[in-house]
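Worksheet: one structure, shown below.
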Amino acid sequence: MLKKLASVRGILSILLLLSIVYAAYGIYYKVSYWGFHFTPRQSANIWTIEAHISFEPTGEPIKVALTTPRSSDAFKILEENVVAEGYKTSKNKEESRLVLTSAPKVDKQDIYYKIMLFDNIDTRGKIKADAPKAPKQPIFDEQRLAAAKQLLQLAQKQDGDAVSQIIRLLNEEPLQPAVQAYLPVKSTQQIMVEIITDLLSLKGIPSRTARGFRLEESKKALSPDLMIEAYIDGLWKIYDIKTGKKGLPDNFVLFQRGGQSLIDVEGGENSVIKFSVLKSITSSMKLAGRRAELFDQQRNFQYSIYNLPLAQQNTLKWLSIFPLAILVIVLMRNVIGLQTMGTFTPMLLAMSLVKTGFWPGLLCFAIIMVLGLSIRFLMSKFNLLLVPRISAVVIFVILIMQFLTVIGYQLEFNIAQSAVFFPIIIMSWIIERASITWEEDGALNACREIVFSLIVAIATYFVISSEYIRHIMFAFNELNLVILFIVMLLGTYTGYRLMELKRFRPLVKS
Amino acid sequence: MFEWVKSFASPRQLSQAGVLGMNRRNFDVISKYNPRRLYPLVDDKVKTKELANKIGINTPHLIGKIEYQHEAKNILELIGNRHEFVIKPAQGSGGKGVLVIRDYRDGVFTTASGRTIGYHEVYQHISNILSGLYSLGGKYDTAIIEELVHFSDIFKDYSYQGVPDVRVIVYKGYPALAMTRLPTKASGGRANLHQGAIGVGLDIRTGRALRGVCRDMPVTRQPDTGADLMKIEVPFWREHLMIGALAYEMTGLGYLGADIVLDAERGPMMLELNARPGLAIQIANGIGLVECLREIDNHYPEGLSAPQRVDFVLNKRAK
C-alpha cells in the first residue's frame, strides 16, 4: 500500500521536476530569442523612417552612399528596403553604408530608402562601449586656443557635468562677450557640433556626432537633428546640443552615430535628403515574431500561440490564468479545508471580480445576493417545482442586473453597471443553494458557505487580478504544465487540512 | 491571538492521536477499499433495501415508490388507510428531503415536528424529490414511501423529536467505531451532527456511552431534555453490529457507515448505508480511526463469516 503510494508520488515528482526544467528552458528561450519580458509592459516603440534622396545627375556614373543605422543591442532593424529603379545596391557592412550605383542618367533622380527600427529602450545608456582613441586635438592658432581655454574656464561656472557645462555656456541667453566672440555670426547645428567637439577634445573627452529625428506629428519632411555623444565612464552618453540635457529626449530616434557624412552623391548635384518618421507602438508580443526572424527561429514562433490573431490571443491569455486560479481552489479546499458552494463557483466569482473591479464587484454581488435571496424566500411560499423555480430565479437575477445597470447609469454610479459581468446562471445557483441550505441547515450554515465561498473567491481574485501574474502566465505558458503536476501531486496529499487541526483538537491526548 | 493559535492542534499531535483526516480518508481508505462501481448499491435506497432483505438485514417496510411526476398524484392510493409513513428520496444523503408524517387523517398530514400540512405540500415535496432537489448532482430521483419507525423508548429522553440512530463504521467487515446520533432542537429534529445533533460515542464491545459531542464540543447532557448522556446503553448491541458486518457481505465496501435505528417492535433496522461516512465519529468516541484501522489490518483474522467477526469484536479484551 505504501509502496504503491510512493511510486505514484515518485512518478508525479519526476514529472513535476521535468516540467520545471522544461519551463525554465522555455522561459530562457522566449526571453533571449523572442524578447519576451517578465514585466507586462505592453508596448515597444517601432520607428519607420523613410529617407527621400533627390538629386540632378551631372551625366557621369552615379554612386550614392547613405549612412544607415547599425543593428546593435540598442537597435534592431526589422525591415529595410530601397526603392531605386535601375540602381545596383550593395551594402558596406563595416561602415554601415548603403551604396547605390548606376550608369549615367539624365532626369532628376528620386531614391527612397525605408527602414523599420525597434528601439530597445531598456538597453539605452546601459551598453558598455570600448574606449575610443584619444580625441584628435583640434588645429587652432594661438589666439583661438587661448579663447577656447577661456571658454572652458567660463564653462565651469555652469550647471551639470563637463559636457553639459560647455553646451550651456554656448547656448546662454544672452551670450557672454567672450563666447559671442568665439562663435561665428551665423551658426548651424553642424557648426555647433563641431565647436563642441573641438572644445571637448581640448578637455580630452572623446565625442562624436549623432543624427536622429524628433518626431512631430505635423511635420512630414524632416532634416535630421544633431546631438552629441561623449564618452564618459565607459559609456557613450548623449547630450542635446541646445540645452545640454543628458539623455535622449522623448520621441526621438537615433539614426546614425559617429562621424561620416550622412550622404555622399557622386555624379549628381543639388542633392537633397528628406526624412519622414513614423512612430508606432506595437505590443512586444507582436514584435516577437520579427525578433524570432532575426534569430532564425521562425518556425517555432509560427506554431506558438503568440502568432495567432489578436482576438484569439486575448481569449487564450484569459484562459491561461485559469490553471493558477484552479491551484488556489485546490489549496483552499484540500489543504486549508474550506467548504465552498460548488467546486469552481468561487473561481468564476473571482473572474467576475477581475472584470468589475474589486469593491464595485463585491458591492454588486452583495446587492444581487440580498435581493435574490429575499425574492427566493418569498417564492418558496408558492411551492413551485424545481426547474421552473430556478428558472424564475435566473430571470429575477437578470432583472436585478438590468435594474442595477440602469440605475447606475442614471446616477452616474459606475459601480452598479458592473452587475452585467456576473455569470447569471452561477448567481442563480448560489441563491438557490444558499436558500436551500438556509431552510435545511439553518442560516448559520448558509452564511458560512457564502462567506467561505467569498473568501476563496477573494483569495483567487488577488492572485489573478495582478496584471503582472497574468502576463507571466500568458507569456510563459509552460508554467501551466508545472501547475498541472503540482495539482496532481496535491491529489496525493494525505496530510491534515488546516481546518481539521482545529476540528480534531479535542482528540489530542494530553 | 495566542489563544486562537492554541485552538489548533499540530499535525504531529493529531497523528499521534491517530486521527484520520479527510484527505487521507479519501486517498488511503475510500479509493482503496470502495471501488466506485459499488456506489450505486448504497446510493440508491431502493436497491439497498432489496439487497438487505435478500441477505437478511431488517429494514423498514417499503410502502411504495414513485418514479415519475405523473405518478405523484397516486400518493394517496399508495398510502391507503395508513396513518403514518415516511417519504424520502432514494438517492438523498445526510437526511435531506426526509418527510416524516406521524399522523394522517381526513386529508391533514401531521409531521414529526407537529406541523400540519395539506395534500399540496406533500405532493410538492414528492415533486421536489423527483426533480432531483435532494439527490447528488441534481439527478432525477425516485421518492420512496416507507413505514415509520417507532423508535425504542430507551432513546426517548435523549432526543428531541426526530429519529435517533446508531452509526457503525465497518472496516473490512469488522465494526470499528460506533456512535449514536441524537436530534436536538437546534438540529431541527434531524440526526445530523453538522446541523447540531449530538453524537455520543459508543463502546464497540458493549454499546455503552463513552462521551458526547455537540458541534465539535464535549457535552454530557442532552440540552433539550437534560438527560445524562453517559447513561446510554444501546440494547440489542450484537444485532446492531451484525447489521454492520452483514452490510460488508452485502455490498463489498471495505469501508462503510451503517445507519441503524432501533424499532420498538422489530428491533434494530438498517436505514441506509454510506460509502463515505464522515469523520466526526472520531470526536464522539475520543478515538482516532487510524489506530482502529491499523489494528484491524494487522491483528484481525481474515476469512471469517459475519457472525464470527462480530463475536471476535465482542470478545476482544478491553484495552
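The values are calculated or read from the model by the stated rules, or taken from the named source; none is laboratory data. Everything numeric here is computed off the predicted structure, so don't read it as measured data. Reconstructed Cβ throughout: ideal geometry from the backbone, glycine too, with neighbour counts over all protein chains shown.
The table that follows gives values for the structure above.
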| read-out | value |
| --- | --- |
| Lone unmet requirement of (1) in contact with a Leu (Cβ under 7 Å, 6 or more places away or on another chain); (2) at pLDDT below 90 for A:ARG505 | (1) |
| Members of region B:16-25 that are more than 7 Å from chain A (Cβ to nearest Cβ) and farther than 16 Å from B:GLY286 by Cβ | B:ARG25 |
| Unmet requirement for B:THR251, which otherwise passes all of (1) away from chain A (no Cβ under 14 Å); (2) under 23 Å from the mean Cα position of the chain (by Cα); (3) surrounded by fewer than 16 Cβ atoms within 10 Å (Cβ to Cβ) | (3) |
| Members of region B:215-236 that are buried (at least 22 other Cβ atoms within 10 Å of the Cβ) and under 18 Å from the mean Cα position of the chain (by Cα) | B:ILE232, B:VAL234 |
| Flag if A:LEU324 is more than 13 Å from A:ALA475 (Cα to Cα), modelled with pLDDT of 75 or more and in contact with a Ser or Thr (Cβ under 9 Å, 6 or more places away or on another chain) | yes |
| Helices (runs of 4 or more DSSP H) contained in region A:397-510 and holding at least 1 residues within 14 Å of chain B (Cβ to nearest Cβ) and of a type in the set (S, T, N, Q) | A:424-464 |
| Residue within region B:140-147 that is surrounded by fewer than 18 Cβ atoms within 10 Å (Cβ to Cβ), free of Cβ contacts under 8 Å to residues at least 12 places away in the same chain and in the same structural domain as B:ASP28 (by TED's automatic domain parsing) present | no |
| Test for A:PHE377: is it touching a residue at least 24 places away in the same chain (Cβ under 8 Å), surrounded by fewer than 16 Cβ atoms within 10 Å (Cβ to Cβ) and not hydroxyl-bearing (Ser, Thr, Tyr) | yes |
| Region B:1-15 - residue that is hydrophobic (A, V, I, L, M, F, W, C) and surrounded by fewer than 18 Cβ atoms within 10 Å (Cβ to Cβ) and, of those, nearest to the other protein chains (Cβ to nearest Cβ) | B:PHE8 |
| Residues that are out of contact with any Pro (no Cβ under 6 Å at 6 or more places or on another chain) and among the polar types (S, T, N, Q), drawn from region A:461-493 | A:SER465, A:SER466, A:ASN477, A:THR492 |
| Test: residue in region B:91-114 that is within 12 Å of another protein chain (Cβ to nearest Cβ) and among the β-branched types (Val, Ile, Thr) | yes |
| Flag for A:SER380 being under 24 Å from B:SER131 (Cβ atoms), within 14 Å of chain B (Cβ to nearest Cβ), out of contact with any His (no Cβ under 6 Å at 6 or more places or on another chain) and modelled with pLDDT of 85 or more | no |
| Subset of region B:189-206 (residues that are in contact with an Asp or Glu (Cβ under 8 Å, 6 or more places away or on another chain) and either outside the structural domain of B:PRO223 (by TED's automatic domain parsing) or surrounded by fewer than 20 Cβ atoms within 10 Å (Cβ to Cβ) (or both)) | B:HIS194, B:THR206 |
| Check on A:ILE321, over 30 Å from A:ARG503 (Cα atoms), aliphatic (A, V, I, L, M) and without any contact (Cβ under 8 Å) to a residue 60 or more places away in the chain | no |
| Residue within region B:32-43 that is within 14 Å of chain A (Cβ to nearest Cβ), hydroxyl-bearing (Ser, Thr, Tyr), more than 15 Å from B:TYR248 (Cα to Cα) and surrounded by 15 or more Cβ atoms within 10 Å (Cβ to Cβ) present | no |
| Single condition B:VAL290 does not satisfy, out of (1) under 30 Å from A:GLY337 (Cα atoms); (2) within 14 Å of chain A (Cβ to nearest Cβ); (3) surrounded by fewer than 17 Cβ atoms within 10 Å (Cβ to Cβ) | (3) |
| Selection count where residues are assigned to a helix (DSSP H, G or I) and either touching a Leu at 6+ places or on another chain (Cβ under 8 Å) or small (Gly, Ala, Ser) (or both), scope region A:152-205 | 23 |
| Filter result for B:LYS96 (out of contact with any Pro (no Cβ under 6 Å at 6 or more places or on another chain) and surrounded by fewer than 16 Cβ atoms within 10 Å (Cβ to Cβ)) | no |
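Residue-wise test of (1) more than 14 Å from every other protein chain (Cβ to nearest Cβ); (2) under 16 Å from B:GLY286 (Cβ atoms); (3) not basic (Lys, Arg).
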site	(1), (2), (3)
B:GLY132	no, no, yes
B:THR142	yes, no, yes
B:PHE151	yes, no, yes
B:THR184	no, no, yes
B:VAL219	no, yes, yes
